[in-house]
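Values quoted throughout were computed directly from the atomic coordinates according to the rules given, and no laboratory measurement underlies them. Note that the coordinates shown come from a computational prediction; the quantities given were computed from them, not determined experimentally. Cβ atoms come from the backbone with ideal geometry, glycine included; neighbour counts cover every protein chain shown.
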Amino acid sequence: MLRLRNVDTFYGNIQALRGICLNIEEGEIVTLIGANGAGKTTTLMTICGVIPPLSGTIRFRDKPIQHLPPNKIVRMGISQVPEGRLIFPQLTVMENLELGAYLRTDKENIGKDLDYIFSLFPILAERAKQQGGTLSGGEQQMLAISRALMGRPTLLLLDEPSLGLAPIIIRQIFDIIKKVNEDGTTVFLVEQNANQALKIAHRGYVIENGAIMLEDSAERLLKNEAVRKAYLGI
Amino acid sequence: MNSELQYFFELVFSGITKGSIYALIALGYTMVYGIIELINFAHGEIYMIGAFTGLIVAGLLGIFGFPLLGVLAIAVICAIIWCAAYGYTIEKVAYRPLRNAPRLSPLISAIGMSIFLQNYVQLAQTSDFLPFPQLIPDFEFLDSIAYIVSSTDVVIIVLSAVVMTALHCFIKYTNMGKAMRATAQNRKMAMLLGIDADSIISVTFVIGSALAAIGGVLIASRMGSIDAYIGFLAGMKAFTAAVLGGIGSIPGAMFGGLVLGCCENLAAGYISSDYADVFAFLILVLILTFRPSGIFGRAPVQKV
Ligand SMILES: Nc1ncnc2c1ncn2[C@@H]1O[C@H](COP(=O)(O)OP(=O)(O)O)[C@@H](O)[C@H]1O
Ligand SMILES: [Mg+2]
């Protein structure tokens, strides 16, 4: 579904991604784990066209997208839940959700999708008229995921959804990610929280200093000695 | 009504009239600032170009003997279109190439654009004052209140209110309006939702310029003469109004304009007309010193 080949991305003269290659197949949950500054966020921003790569190819459903602007890429069915959630603080929860559906032309189905989202996160229905900035961290994360889902993506990118949240909320968020995947959305999950991520993922990649170091099934990565030492704190 | 009170109301109503125009112009400053954090110094010149466009169109139509209201409507529409084209182009040539440059660069570009437009109009038209025809008709049914507020002023106040209400509804309820607010709050996130930030920025300049054009034609008709430099003072006043309301805030610009117009007029009426401008800029200095975020300005939002 998504293929990155030899992707190099720079910030000025600083190279943040070095020859990234990775595949995501339809229906999978794939996770990308790595330490702070390894290049996880850059990978997602490169896929979305916010920071286009200097070289390499990115194909989505066999179409090259590496030179497309973000709005064209989103239109093809890729939504992102960015690091830090980036809720619009002075828009209401409902407006945040409506903007998730900004590019959609099937306006008649939006109501149905709102119902789906409110069934996943009933708290958002209660908070619909509140400003996004007044939500708690966990609620903001739920809103960020819901906003991305309102775009009806076929590929959902998540950047450290567990960051800064209480363990009980993290479990809830990961359950929802799994459910969303079971309902038919392919998921690319970026995490530092390797343990949780590998538990729900099918496959995983490990990124260090902007380069992919390891690629394996989630099960085997969980057992991998080097991964356990570096990312699971065991 | 005793004459003291009548004088007071006269001052207030003509203050509201001026204030409505300041508000129309201030909206352009505040919307542009809200979205790209740039003080568009060329905005006052857009207003001036609106007044000139109105003058030229009115002159042409006058020859053919159009009715007054028709002339006003056509003059305003032409000014809107012409100024919108200017606003769109200015953003494209003077600001967009500097989008990622240090903040001072687009600011200097804005000042350059302002000076350029002033001189261009002066060369293309004239540097003298030009008489501007009275385009706003006197409505008879307003005669009964004519001793405190003129028919012209009522038309300006009502038109401005209608335009600003329309803008408010546009920003609040339409998809494009929501996208504008989203882009102002977080451009990167807006892009991740598929909002084309460049076209949203263009639309912002187009709307701001259209509002300034309306202000330009209306006030020129009230003042009775224009020259190539009216944009400077009006621009500074409107900028003051925007800062007073809280730069970046749309209701703030509307409110700031009205407050500024009234304060200025009362100062002129009760102290001396020489003080009107002094008073306006005194307000600017006080606001910048004591409450730089303005009346409606929010403390900067913490980005997690
Ligand atoms: N805006 C930026 N300008 C310059 N360097 C950046 C910028 N953003 C990230 N980097 C650098 O790129 C590298 C990868 O960062 P990032 O993708 O944010 O890592 P991660 O998400 O894995 O923590 C880091 O070395 C970081 O310092
Ligand atoms: Mg990151």
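Going from the residue with the fewest nearby Cβ atoms within 10 Å to the one with the most, A:CYS21, B:CYS262, A:CYS48, B:CYS169 rank B:CYS169, A:CYS21, B:CYS262, A:CYS48. Against the main long axis of the alpha-carbon atoms of chain B, helix B:197-223 sits at an angle near 10°. Relative to the globular-protein estimate of 2.2 N^0.38 Å, the Cα radius of gyration of region A:1-139 stands at 1.20. Here B:LYS18 is the anchor, and the aspartates and glutamates within straight C-alpha reach of less than 19 Å, apart from those fewer than 8 places off in the same chain, are B:GLU10, B:GLU45, B:ASP138, B:ASP153, B:ASP227, B:GLU264, B:ASP274, B:ASP277. For chain A, the normalised intensity computed at q = 0.11, 0.14, 0.16, 0.17 Å⁻¹ comes to -0.54, -0.88, -1.15, -1.28 (log10 of I(q)/I(0), Debye sum over alpha carbons, equal scatterers, no solvent). Separation of region A:92-144 from region B:272-294 is 43 Å, based on Cα centroids. Cβ-to-Cβ counts within 10 Å put B:VAL285, A:VAL7 in ascending order as B:VAL285, A:VAL7, the fewest first. Remark: relative contact order (region A:85-152) = 58 percent; criterion is Cα-Cα distance under 8 angstrom and separation of 6 or more residues. Relative to the longest principal axis of the Cα atoms of chain B, the long axis of helix B:43-63 lies at roughly 50 degrees.
Both numbers refer to the Cα atoms of region B:209-304; Rg and Dmax are 14.7, 53 Å.
Over the residues of chain A, the helix contribution to mean residue ellipticity at 222 nm works out to -10500 deg cm²/dmol, using -39500 (n - 2.57) for each DSSP H run of at least 4. Across region B:224-240, coupling constants 3J(HN,Hα) worked out from phi with the 6.51/-1.76/1.60 Karplus curve, θ = phi - 60°, read x, 7, 9, 9, 6, 10, 4, x, 5, 5, 4, x, 5, 5, 5, 4, 4 Hz, and Gly and Pro carry x. Each peptide in B:14-20, B:271-277 gets a packing score, the mean of other Cβ atoms within 10 Å over its residues, and the list from highest to lowest is B:14-20, B:271-277. Under a straight-distance cross-link criterion of Cα-Cα below 19 Å, which aspartates and glutamates are reachable from A:LYS179, leaving out those fewer than 8 residues away in the same chain? Within reach: A:GLU25, A:GLU26, A:GLU28, A:ASP113, A:ASP115, A:GLU139, A:ASP159, A:GLU160, A:GLU191. At full extension, B:TYR147 and B:VAL285 could sit 46.2 nm farther apart than now, given 0.36 nm per residue minus the alpha carbon distance. Global size of region A:85-152: 10.8, 32 Å for Rg and Dmax (C-alpha atoms, Rg to one decimal, Dmax whole). Peptide A:87-99 is shielded by partner chain Cβ atoms: per residue, an average of 4 of them sit within 10 Å of its Cβ.
Helix content alone sets the calculated 222 nm mean residue ellipticity of chain B: runs of n ≥ 4 DSSP H residues at -39500 (n - 2.57) each, divided across all residues, give -25000 deg cm²/dmol. Using only the alpha-carbon atoms of region B:130-288 as identical scatterers, what base-10 log of I(q)/I(0) does the Debye formula give at q = 0.16 Å⁻¹? Relative scattering, expressed as log10 I(q)/I(0), comes to -1.08.
Looking at the calculated P(r) for region A:168-234, what percent of the C-alpha pair distances fall above 20 Å? Of all Cα-Cα pairs in region A:168-234, 29 percent lie more than 20 Å apart. Neighbour counting of Cβ atoms within 10 Å sorts the residues A:GLU160, B:GLU91, fewest neighbours leading, into A:GLU160, B:GLU91. For region B:212-262, the relative contact order works out to 22 percent when only alpha carbon pairs closer than 8 Å and six or more residues apart are counted.
Note on chain B: with a GNM built from Cα contacts shorter than 10 Å, the maximum mean-square fluctuation among B:LEU55, B:LEU167, B:LEU266 falls on B:LEU167. Just so you know, the Rg over Rh for the protein assembly as shown is 1.08, from Cα atoms, with Rh as the Kirkwood radius.
Compared with the rule-of-thumb size 2.2 N^0.38 Å for a compact globular protein, chain B has a Cα radius of gyration ratio of 1.00. Taking the average, over residues, of other Cβ atoms within 10 Å as the packing measure, peptides B:110-123, B:197-210, B:140-153 rank B:197-210, B:110-123, B:140-153 from highest down.
Going Cα to Cα from A:LYS112, which aspartates and glutamates come in below 15 Å? Please leave out same-chain ones fewer than 8 positions away. Partners found: A:GLU98, A:ASP183.
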